[in-house]
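J.: The structure under discussion is supplied below as structure tokens; questions concerning it will follow.
The values are calculated or read from the model by the stated rules, or taken from the named source; none is laboratory data. All figures in this text were calculated on a predicted structure; none of them were measured in a lab. Don't worry about glycine lacking a Cβ; one is built from the backbone with ideal geometry, like all the others, and counts go over all protein chains shown. Side chains are part of the model used for accessible areas, which takes the heavy atoms of the whole protein and leaves out ligands, DNA and RNA. Shrake-Rupley method; radii C 1.70, N 1.55, O 1.52, S 1.80 Å.
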Amino acid sequence: MESASQTVTRLLNQACAQYPGGLRAVFTAIREKEGGSARSESTFYADLNPNPTSQGKLKVKDFVACMEITGNVDALRYMVSLFGYSLTSISCVEPDAPTVEAEMLQDYPAVVAFHESVQAFKRGEAEYETVLARLEGALLDLRQTAAIARRSEKKE
């Protein structure tokens with residue numbers, strides 16, 4: 001049975017192998033991005049070996065760079081699942097307001113409704129499912145604000 005770190009390495013290796021040009025293309029992109037500070041190609045390959053003969057020393061900056069270059073976040077998705085979390089892509093969220101400011105104004109009612117449901121739950125006047133439903137509604141509105149803010153940043 002492979003360890004969590006081996007699974008992460010295997011998933012990252014697969015992402016790089018499936019990238020056009022494979023591991024070499026990912027390494028080249030990292031070297032171009034970092035200049036002379038990138039490690040050697042053989043060290044990079046050794047650190048991404050899913051069946052190492054010794055423990056690799058995959059650096060966080062290489063881990064992040066591989067995900068940025070390949071666009072594949074399966075290794076990160078696996079890591080957060082180990083702690084009971086899941087990833088939600090903001091790029092999948094469609095804002096329903098034309099501007100960041102308008103989107104932010106839409107957040108207030110959902111956040112207030114969530115807070116009110118928490119207070120009602122504490123008083124015994126609401127079910128916990130209501131709290132969770134209001135939380136999801138608030139998170140959706142907040143994600144829409146984050147998404148439109150990110151998109152407007154990229155346009156500038």
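J.: Only four residue types carry charge here, +1 at the Cβ of Lys and Arg and -1 at the Cβ of Asp and Glu. Report the dipole size of the chain about the Cα centre in Debye, rounded to the nearest 20. Can you show the working numbers first?
T.: On the way: 17 positive and 21 negative charges, 156 e Å.
Here the size comes out at about 740 debye.
J.: Distance in nm between label sites at Ala97 and Phe83, each 7 Å beyond Cα in the beta-carbon direction?
T.: It is 3.0 nm.
J.: Identify, among Ile30, Val80, Tyr108, the residue whose Cα sits farthest towards the positive end of the charge dipole of the chain, taking +1 on the Cβ of Lys and Arg and -1 on the Cβ of Asp and Glu, with the dipole about the Cα centre.
T.: Looking along the dipole axis, the top candidate is Ile30.
J.: I would also like to ask the following. Leaving out ligands, DNA and RNA, and with a 1.4 Å probe, what % of the accessible surface on the chain is carbon or sulfur?
T.: 57
J.: With each pseudo-label sitting 7 Å past Cα toward Cβ, what's the Lys61-Tyr128 distance in nm, one decimal?
T.: It works out to 4.5 nm between the two label points.
J.: Now for a different question. Determine the per residue accessible area of the range 13-156 with all protein chains present and a 1.4 angstrom probe, expressed in square angstrom.
T.: Solvent-accessible surface per residue comes out at 66 Å².
J.: Another question, then. Using +1 on the beta carbon of Lys and Arg, -1 on that of Asp and Glu, and nothing else charged, what's the dipole of the range 2-88 about the Cα centre, debye to 20?
T.: 100
J.: Read through the labelled values (i) 9, 22, 23, 17, 12, 8, 5, 3, 1; (ii) 11, 40, 36, 12, 2, 0; (iii) 10, 26, 23, 21, 15, 5, 0 and report the label of the one computed as P(r) over Cα pairs in 10 Å bins from 0, in percent from the structure.
T.: Derived directly from the coordinates: (iii).
J.: Okay, next question. Would you mind putting 9-18, 113-122, 74-83 in packing order, based on average other-beta-carbon counts within 10 Å, highest first?
T.: Top of the packing list down: 9-18, 113-122, 74-83.
J.: Evaluate the charge dipole of the range 81-156 about its Cα centre and quote only its size in Debye, nearest 20, assuming +1 on the Cβ of each Lys and Arg and -1 on the Cβ of each Asp and Glu. Please list the in-between numbers first.
T.: Numbers: 8 positive and 13 negative charges, 50 e Å.
Here the range 81-156 has a charge dipole of around 240 debye.
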